[in-house]
Amino acid sequence: MPYRILVDPDGAERARAQLATVQAQTRQVLLGAKEGTAAYRAAKKRRADAEAAVDDCYETILLRALPPARFAELEAEHPPTAEQMDQVKTEREQAKRRDEELPGWPNYAEPFWPALLAEAVDGDMTADDWATFLAEHVSGGEAVGLRAALLNVNHLERAADPLVLPKGWTPTIS
């Protein structure tokens, strides 16, 4: 599963602002000029360059599923910590008192995610490299999205082609 990850947040902010400016400046040209004219081509190029600048701030990584046995081993190697369990117990008690939906129990300790990334992403980054990257470059929301993608690629049902049975494969009792 391809996944775009932000690698230059400051550059992305500047590039998005520049893209918004270019879009505003070129909107009327693109709507009013005939396709193929010099003004139209120049506006399209400015817009394409601004979009490319935003894209340069991201890298696409390929998330691949681990064999189910290896995924289970990683889960077993990184059970929730006592601190995580205590925190969730407190949150669940507070939710009960407020008559709210109870939060779920944690499944993994934090080091699970960098370890999973090290194995699920082709490249030379180790679990420690991923831990540093996640701590220094990934926001909370981005981490949630990346975790969801990692779980999605590893929890997809793996089914063989559907079995097609020929007509009359079993006798009909009359």
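The values are calculated or read from the model by the stated rules, or taken from the named source; none is laboratory data. All of these numbers come straight from a predicted model, not from anything done at the bench. Virtual Cβ from ideal backbone geometry, glycine too; neighbours counted across all protein chains shown.
Name the residues in segment 46-70 that are free of Cβ contacts under 8 Å to residues at least 12 places away in the same chain and in a loop (DSSP other than H, G, I, E, B), would you?
Pro67
Being without any contact (Cβ under 8 Å) to a residue 12 or more places away in the chain, in a helix (DSSP H, G or I) and surrounded by fewer than 13 Cβ atoms within 10 Å (Cβ to Cβ) is the requirement here; does Arg92 meet it?
Spelling it out, it is not the case that Arg92 is without any contact (Cβ under 8 Å) to a residue 12 or more places away in the chain, in a helix (DSSP H, G or I) and surrounded by fewer than 13 Cβ atoms within 10 Å (Cβ to Cβ).
Taking only pairs six or more apart or across chains, which ones have beta-carbon atoms under 6 Å, a first residue in segment 4-23 that is of a type in the set (Val, Ile, Thr), and a second residue that is outside any strand (DSSP E or B) and surrounded by 13 or more Cβ atoms within 10 Å (Cβ to Cβ)?
Going by the 6 Å Cβ cut-off, the qualifying pairs are Val22/Arg46; Val22/Arg47; Val22/Ala50.
Would you tally the residues in segment 1-35 being farther than 30 Å from Trp130 by Cβ and not in a helix (DSSP H, G or I)?
3
Kindly evaluate Pro68 against the criterion of being in the same structural domain as Thr126 (by TED's automatic domain parsing), of a type outside the set (Phe, Trp, Tyr) and more than 26 Å from Ser139 (Cα to Cα).
yes
Answer yes if at least one residue in segment 76-89 is within 23 Å of the chain's Cα centre (by Cα), under 21 Å from Glu142 (Cβ atoms) and either assigned to a loop (DSSP other than H, G, I, E, B) or of a type in the set (A, V, I, L, M, F, W, C) (or both), and no otherwise.
Yes, segment 76-89 contains at least one residue that is within 23 Å of the chain's Cα centre (by Cα), under 21 Å from Glu142 (Cβ atoms) and either assigned to a loop (DSSP other than H, G, I, E, B) or of a type in the set (A, V, I, L, M, F, W, C) (or both).
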